[in-house]
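What follows draws every value from the coordinates through simple rules; no lab data is involved. All of these numbers come straight from a predicted model, not from anything done at the bench.
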Amino acid sequence: MLVLSRKTTEAVVIPQYDIVLTILDVKKDQVRLGIAAPQDVRLYRRELWESIQQQHDQPVEKVRQPMPAPAPKPGVMAPEPREAILSVSDGLALAAEINQLIHGWEGLPPDLLGPVAEGRITSAEQELGILFPPSFRAFLRHFGGGLVFTFDILGLADEPGHWLDIVHMNRSPRPHLPRHRVLFIYSGAAAYYLDTSRRDAAGECPVIVLGPNEKSVTVADNFLDFLRKAKEGRV
């Protein structure tokens, strides 16, 4: 292993791959790295790469998850449970793209809760009575929630009743809001929801904000599209 000492703003160059690593900031036991690399070069945090490698060792299979049916209204038949078909390989591809987005930003570094077990995500879906769209599920599975760009994205926290816990925040009193609108960002400026009642062929759903008279305004086609726009300052 090559060991180098570098000061803030100094860099290391890997010419064979056209990669430049720059020390941006050093605070106590945390170092911020800026990595300039060609578009076709994938970059991962080590723990995420090891997680991806472990999951690649598992057979790729289709995982069927029953969609909890909401309680029927008087005189209205309950809808049939839906099923979401998720591929393990698709989840890894989504996680890799999300990783590139949130770690390729030049602003505040992400502050994440950390990976979440599949069982906890399924339990959260059952408690909320919805299915998370694939891109948001991949975000929860590999990153857990936390500060991304300038947004605190709700996730699954270890501490019961935590203000970043998506189940806790969505089970708090929300008058007139149906369960299919899942709050995932709440700030003084705006609240963003996943509208799980509107699904595309891939199972993704739009991101909305609520305007006057609680009229929904779509701001992104899906969670991944929201992250792309957030990175560019367009939401």
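Worth a mention:
- 3J(HN,Hα) couplings calculated from phi for region 133-148 with the Karplus curve 6.51 cos²θ - 1.76 cosθ + 1.60 (θ = phi - 60°) are, in sequence order, x, x, 5, 6, 4, 5, 4, 4, 4, 9, 10, x, x, x, 6, 10 Hz; Gly and Pro show x.
- Note, ³J(HN,Hα) from phi for region 119-124, Karplus 6.51, -1.76, 1.60, rounded to Hz, x at Gly and Pro: x, 5, 5, 4, 4, 4
- As a size descriptor, the averaged projected area of the C-alpha convex hull of region 89-147 was calculated at 4.1 nm².
- Approximate shape of region 155-202 as ellipsoid semi-axes (Cα gyration tensor, √5λ), whole Å, largest first: 20, 14, 11
- Computed lengthening from Val26 to Arg6, 0.36 nm per intervening residue step minus Cα-Cα distance: 6.2 nm
- Per-residue extension of 0.36 nm, minus the Cα-Cα distance of Arg45 and Ala201, leaves a gain of 53.1 nm for this segment.
- In order along region 203-209, phi translates into HN-Hα couplings of x, 7, 9, x, 9, 10, 10 Hz, rounded to whole numbers, per the Karplus curve 6.51 cos²θ - 1.76 cosθ + 1.60 with θ = phi - 60° and x for Gly and Pro.
- Length gained when the stretch Glu127-Val217 is fully extended (0.36 nm per residue, less Cα-Cα span): 29.8 nm
- For region 97-143 versus region 1-46, the spacing of their alpha-carbon centroids is 25 Å.
- Amide H contacts of Leu113 (H built 1.01 Å from N, in plane; Pro and chain starts excluded): Gly145, Gly146 sit under 5 Å, all sequence-distant by 5 or more or on other chains.
- Calculated log₁₀ intensity ratio I(q)/I(0) where the Debye formula runs over C-alpha points of region 1-41, q = 0.16, 0.28 Å⁻¹: -0.45, -1.02
- For region 88-231, the orientation-averaged shadow of the C-alpha convex hull comes to 8.4 nm² (one quarter of the hull surface).
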